[in-house]
1. Just to be sure I understand the filter: pairs with C-beta atoms under 7 Å, separated by 6 or more residues or on different chains, first member in region 62-80 and exposed (fewer than 13 other Cβ atoms within 10 Å of the Cβ), second member of a type in the set (Gly, Ala, Ser) and in a strand (DSSP E or B). Which pairs pass?
2. Pick out the one residue from Gly67, Gly80, Gly60, Gly72 that is closer than 18 Å to Lys122 by Cβ and of a type outside the set (Asp, Glu).
3. Have a look at Tyr54, Tyr88 and point out the one that is under 21 Å from His8 (Cβ atoms) and in a strand (DSSP E or B).
4. Hey, could you check region 91-120 for residues that are more than 21 Å from Thr37 (Cα to Cα) and of a type in the set (A, V, I, L, M, F, W, C) and say which is nearest to the chain's Cα centre (by Cα)?
5. Give me a count of the residues in region 1-22 that are modelled with pLDDT of 95 or more and in a loop (DSSP other than H, G, I, E, B).
6. Has region 32-53 got any residue that is buried (at least 18 other Cβ atoms within 10 Å of the Cβ), hydroxyl-bearing (Ser, Thr, Tyr) and modelled with pLDDT of 95 or more?
7. List pairs: first in region 1-20 and more than 24 Å from Lys78 (Cα to Cα), second among the charged types (D, E, K, R) and part of a strand (DSSP E or B), Cβ under 9 Å, 6+ apart or cross-chain?
8. State whether one or more residues within region 86-102 are touching a residue at least 40 places away in the same chain (Cβ under 8 Å), in contact with a strand residue (DSSP E or B) (Cβ under 9 Å, 6 or more places away or on another chain) and loosely packed, with under 12 Cβ neighbours inside 10 Å.
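The values are calculated or read from the model by the stated rules, or taken from the named source; none is laboratory data. Worth saying up front: this structure is predicted, and the values here are computed from it rather than measured. When we count neighbours, we look across all protein chains shown, and the Cβ atoms used for this are built from the backbone with ideal geometry, even at glycine.
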Amino acid sequence: MIFAEITHDIRVIVKPVFIEQESDLVTGRYVFSYYITIENMGLESVQLMRRQWYINDSNGETHEVHGDGVVGKQPLIKPGSSHSYNSYCVLKSFEGSMEGYYLMQKDDGNTLKVTIPRFLLKSHLMN
């Protein structure tokens, strides 16, 4: 399943994937990878400065993760261009969700808060 949202002419597309070979039902370790594409549909370049994630599992726990850039980069995304990356998270339950936002800086120094759509993380191991 693919999830997408547009904020301030920036489209964020997310495709989550359950990684069975890295997961362990016995110890309660469920690994999910997610592939993200950020498309600049606007007329100005933007630079991804920070990220904020809210990671929720079906046990009712929410973890916050924040920091500079994504996977060690603060990409500059020109109009009509995109930036793609992938990362992962580990849950203690077989399903959950992630959502959050990016802080982007425009050429004039102003910042934009760009929504990362809520996306589901679901293992087929418990189905």
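1. Pairs that qualify, where the first residue is exposed (fewer than 13 other Cβ atoms within 10 Å of the Cβ) and the partner is of a type in the set (Gly, Ala, Ser) and in a strand (DSSP E or B), are Val71/Ser87.
2. Working: Gly67 fails: closer than 18 Å to Lys122 by Cβ; Gly80 fails: closer than 18 Å to Lys122 by Cβ; Gly72 fails: closer than 18 Å to Lys122 by Cβ.
It is Gly60.
3. Tyr54 is the lone residue from the list that is under 21 Å from His8 (Cβ atoms) and in a strand (DSSP E or B).
4. This residue is Leu91.
5. 4
6. Taking every residue of region 32-53 in turn, at least one turns out to be buried (at least 18 other Cβ atoms within 10 Å of the Cβ), hydroxyl-bearing (Ser, Thr, Tyr) and modelled with pLDDT of 95 or more.
7. Met1/Lys15; Met1/Lys122; Pro16/Lys122; Phe18/Lys122
8. The answer is no; no qualifying residue exists.
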